[in-house]
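What follows is a short report on a single structure.
The values are calculated or read from the model by the stated rules, or taken from the named source; none is laboratory data. Computed from a prediction, not measured in an experiment: that's the story for all the values here. For neighbour counting, all protein chains shown are included, and Cβ atoms are generated from backbone atoms with ideal geometry for every residue, glycine included. SASA here: full protein model, heavy atoms, side chains in, ligands and nucleic acids out. Shrake-Rupley method; radii C 1.70, N 1.55, O 1.52, S 1.80 Å.
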Amino acid sequence: MASALLDVERVLALKTVREVSPRAAFFEAIRELGKDEGDFTLERLKDLMRVEEHFQALLLYDQIDFLKQPAHIAESGRDFALGVQRICLEAANAFQRFLRNRNAWATTGETLEVTFRVTGLALNSIHCFVKWGSFLGDAPRAVPWKQIHALYALAEATGYAQVAFALHASRPSFKPTVQSLYVRTLILDLLNAGNLTKVQIEIADGWFSSWCNDYSLDTEYSTRHHLFYVDLASESGMHLMRKDSYADSVRYIRIDGLKAQVDEVQAGLRQGRLYAGYGAGALFPVEEHVALLSTIEKLYQSIVAGSENRIEERTHFEDREVDVVVGIDRVMRKVREGPSGAAAHPAESTAAVSETVELSPSGMTLVAAAPQAAAPSAEPDVERWRVFDLSSKGFGLLVDRPTSELVPPNGVMALRNQESGSWIIATVVRKLANRTRGETLIGVEVLSYRPIAVDCVPGNGGAPLQALYLPGTDPNGKLDAIVVRVGDFRTDQSLVLAAGGATYRIRLNRIIRKGSDWIKARFEIESKA
């Protein structure tokens with residue numbers, strides 16, 4: 001053990017990866033720490049993470065000279081790139097071995113959270129491998145899509161795909177999610193059709209490392225929002241929508257925020273500012289930024305042209321506010337309390353399981369803003385946010401940057417209808433930061449205008465599960481859904497639900513939306529009494 005620790009410290013003392021000897025030391029250390037034998041302990045994993053992080057920190061600076069070289073890569077440069085690829089691939093394999101053996105080390109709540117980071121590190125290592133293959137410019141090695149899809153599928157199935165975490169302790173501001181890292185690889189692969197320079201690839205990587213937290217993967221297809229899809233069961237990346245692009249393994253990529261992000265970069269360029277995101281883009285000539293921006297604008301135009309009725313009328317506001325609560329626990333509690341704040345019995349608040357709701361945002365009463373600043377809500381767990389605009393799908397809300405950092409992508413929230421006092425539930429679909437004004441525009445999509453608090457009793461006994469019943473717009477109840485906490489979702493048990501004077505035995509059968517702490521699911525009715 002002492003010699004192993006000494007080797008780790010020796011590697012951590014290295015100052016460069018430009019030379020062959022240090023790269024060989026990193027490769028051997030990562031291979032030894034991640035080998036598929038011995039005990040998979042948390043101590044060994046932490047050593048692996050320290051070594052990989054030190055390698056990435058050195059690479060961030062050592063790659064600059066390589067990227068600035070002419071398009072024709074010298075032999076020494078090619079050896080450097082291939083050496084980096086070997087280390088990245090070895091690190092990806094090492095982290096995946098620890099994930100496969102996570103029962104040996106992820107035994108507490110604290111170590112379970114390390115699983116999020118290990119999954120992200122595996123994805124980031126594969127992404128680095130793919131990116132350096134793109135730098136080489138010649139026939140790259142095949143992208144390991146099956147590994148990439150499997151890592152995302154693991155996080156999605158386990159419920160942490162949208163949980164933000166610091167990927168490397170040395171860069172605490174970079175807090176991606178497994179989903180954003182996955183989407184970053186998908187987009188960079190789509191964007192680079194062999195027409196980008198090495199520098200443009202690096203700039204794009206920094207931009208999308210920052211932007212992809214605002215994007216999402218959906219399980220339901222919308223002609224308004226989706227032009228591309230990815231099949232988790234395939235051995236390929238992102239594709240244009242086709243007529244046969246529908247399956248349980250298909251996810252639809254939603255990048256609504258791209259236009260605002262492009263506009264922000266353009267505005268910075270006009271003022272002589274180079275946007276870097278989470279990369280080294282500010283070190284490269286402005287011409288490379290402009291050329292890359294043109295390529296991304298073409299991608300956006302294809303999204304607009306390929307989506308039906310994508311641009312819809314939005315109503316803008318200057319002086320309106322709305323009461324908001326964030327997080328599944330608070331949302332459950334507020335809906336259960338009802339408009340008056342007193343808990344309502346589920347049987348008294350439902351007419352039938354197939355109740356139909358028809359209400360548009362334009363009928364919602366909003367609070368007039370105070371002349372100087374937003375007045376705080378009288379309720380301690382309720383915040384008051386400014387309303388920027390609204391559409392048939394949801395709202396645009398403005399908050400300060402510190403507040404926005406507490407709102408997770410795809411988080412669930414409730415907004416108070418000031419006219420009725422009832423709560424509308426919604427989910428965060430994008431977060432667009434305005435760095436000049438210090439504000440963030442949070443786009444929310446309404447999940448239900450009239451959620452109903454219900455208790456679902458497990459058929460085999462046990463404590464009731466708190467849930468929200470979401471009436472759909474189909475008169476036959478085919479679009480009805482139920483929202484539960486992530487830990488309460490199971491497809492292998494029956495639930496008894498009392499509503500509208502009847503008792504239903506139901507079974508949750510398909511996830512249609514998912515956040516870090518909530519799941520919206522379809523259900524089937526097994527019996528009614």
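Taking residues in segment 518-529 that are open to solvent by 50 Å² or more (accessible area, probe 1.4 Å), and partners anywhere that are outside any strand (DSSP E or B), the pairs with Cβ atoms closer than 8 Å and at least 6 places apart or on different chains are 525/353; 526/494. Taking every residue in segment 9-31 that is loosely packed, with under 13 Cβ neighbours inside 10 Å and pairing it with any residue that is assigned to a helix (DSSP H, G or I), at least 6 positions away or on another chain, the pairs with Cβ-Cβ distances below 7 Å are 16/22; 16/58; 16/62. Scanning segment 487-503 for residues that are open to solvent by 30 Å² or more (accessible area, probe 1.4 Å), in contact (Cβ under 8 Å) with a residue 40 or more places away in the chain and in a strand (DSSP E or B) returns 496, 498. Scanning segment 371-393 for residues that are aliphatic (A, V, I, L, M) and more than 18 Å from residue 327 (Cβ to Cβ), we see that the one that is modelled with the highest pLDDT is 387.
Please tell me if residue 7 is assigned to a helix (DSSP H, G or I), at pLDDT below 90 and either of a type in the set (S, T, N, Q) or under 22 Å from residue 203 (Cα atoms) (or both). Here the answer is no, as residue 7 does not meet what is asked. Applying the criterion of being within 24 Å of residue 62 (Cβ to Cβ) and either among the basic types (Lys, Arg) or part of a helix (DSSP H, G or I) (or both) to the residues of segment 256-286, the residue that is least open to solvent (accessible area, probe 1.4 Å) is 281. Taken together, the residues in segment 72-128 that are crowded, with 18+ Cβ neighbours inside 10 Å, small (Gly, Ala, Ser) and under 21 Å from residue 35 (Cα atoms) amount to 8. Take segment 52-71 and flag every residue that is among the charged types (D, E, K, R) and open to solvent by 50 Å² or more (accessible area, probe 1.4 Å). Scanning segment 52-71 gives 65, 68.
On the stretch given as segment 450-484, residues that are buried (at least 17 other Cβ atoms within 10 Å of the Cβ) and not β-branched (Val, Ile, Thr) total 15.
Pairs meeting the criteria (first residue in segment 407-434 and closer than 16 Å to residue 210 by Cα and part of a strand (DSSP E or B), second residue open to solvent by less than 30 Å² (accessible area, probe 1.4 Å) and among the hydrophobic types (A, V, I, L, M, F, W, C), beta carbons under 6 Å, at least 6 apart or on different chains) are 431/442. Scanning segment 260-288 for residues being in contact with a Gly (Cβ under 7 Å, 6 or more places away or on another chain) and of a type outside the set (Gly, Ala, Ser) gives a total of 3. So is residue 468 at pLDDT 80 or above, over 20 Å from residue 332 (Cα atoms) and under 27 Å from the mean Cα position of the chain (by Cα) or not? For residue 468, the condition - at pLDDT 80 or above, over 20 Å from residue 332 (Cα atoms) and under 27 Å from the mean Cα position of the chain (by Cα) - is not met. For the condition open to solvent by 60 Å² or more (accessible area, probe 1.4 Å) and either in contact (Cβ under 8 Å) with a residue 60 or more places away in the chain or assigned to a helix (DSSP H, G or I) (or both), residue 246 does not qualify. Output yes when any residue across segment 504-516 is outside any strand (DSSP E or B) and under 27 Å from the mean Cα position of the chain (by Cα), and no when none is. Yes, there is a match, as at least one residue in segment 504-516 is outside any strand (DSSP E or B) and under 27 Å from the mean Cα position of the chain (by Cα). Taken residue by residue, segment 223-234 has no member that is of a type in the set (Asp, Glu), over 16 Å from the mean Cα position of the chain (by Cα) and under 20 Å from residue 442 (Cβ atoms).
For segment 140-179, filtering for residues that are farther than 20 Å from residue 486 by Cα, in contact with a helix residue (DSSP H, G or I) (Cβ under 8 Å, 6 or more places away or on another chain), open to solvent by 20 Å² or more (accessible area, probe 1.4 Å) and touching a residue at least 60 places away in the same chain (Cβ under 8 Å) leaves 3.
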